Amino acid sequence: MDIVIREICENDYAEVLLLWNNELGSHTVNAANISGRFERMNKDENYKTYVALFESKVVGCITVVQTMALEYEIGYLKINGFAVKESFQNKGIGTKLLKYVENFALERGLTYLILNSGFQRTQSHDFYESKGFDKLSYCFTKKVLAPDNLM
């Protein structure tokens, strides 16, 4: 299977949106706001989104950001989103995307990749562990509301 991995371009946005919503079940991003989000991310060199193409169609994507943290001298690469179209899973595409961003991290002198994954995504956890990721922590989230929105 001939898979091409490259940086995202505007023509990919609609396909990435479908992939994101179908595979990750996230519907907070829609056609009305995806272009603006990618444009803002593309202006900041710390953000990168790569797509995996099969016959010129998006079948996978991975979004990363270089970020700083006290425990890492020059920071680390955080995987913010990672999806492969269900009909293309278990064909090595996810592995190729991860290897691509590992090489990107090394080019920047970074030695750690970090990602979060929902509790329900047990098959994904097995995949990450098979690629050398360790489970080290929980991720906690909290929506911050303005004081007049609090009950």
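Annotation for region 77-90: no member residue is farther than 27 Å from residue 137 by Cβ, among the hydrophobic types (A, V, I, L, M, F, W, C) and surrounded by fewer than 13 Cβ atoms within 10 Å (Cβ to Cβ). Would you be able to tell me the number of residues in region 91-150 that are within 16 Å of the chain's Cα centre (by Cα), farther than 26 Å from residue 7 by Cβ and not in a loop (DSSP other than H, G, I, E, B)? Number satisfying all stated conditions: 1.
Cβ-Cβ distances below 6 Å connect the following pairs, each with a first residue in region 130-141 that is closer than 25 Å to residue 96 by Cβ, a second residue that is of a type in the set (A, V, I, L, M), and a separation of six or more residues or different chains: 131/98.
Criterion applied to 63, 67 was being assigned to a strand (DSSP E or B), under 11 Å from the mean Cα position of the chain (by Cα) and either within 16 Å of residue 5 (Cα to Cα) or not acidic (Asp, Glu) (or both), and the one residue passing it is 63.
For the residues 58, 29, 51, 16, the requirement of being over 19 Å from residue 125 (Cα atoms), surrounded by 11 or more Cβ atoms within 10 Å (Cβ to Cβ), at pLDDT below 85 and in contact with a helix residue (DSSP H, G or I) (Cβ under 8 Å, 6 or more places away or on another chain) singles out 29.
The values are calculated or read from the model by the stated rules, or taken from the named source; none is laboratory data. The structure presented is a predicted model; accordingly, all values stated were derived computationally and were not measured. A quick note on method: Cβ atoms are made from the backbone with ideal geometry, for glycine too, and the neighbour counts reach across all protein chains shown.
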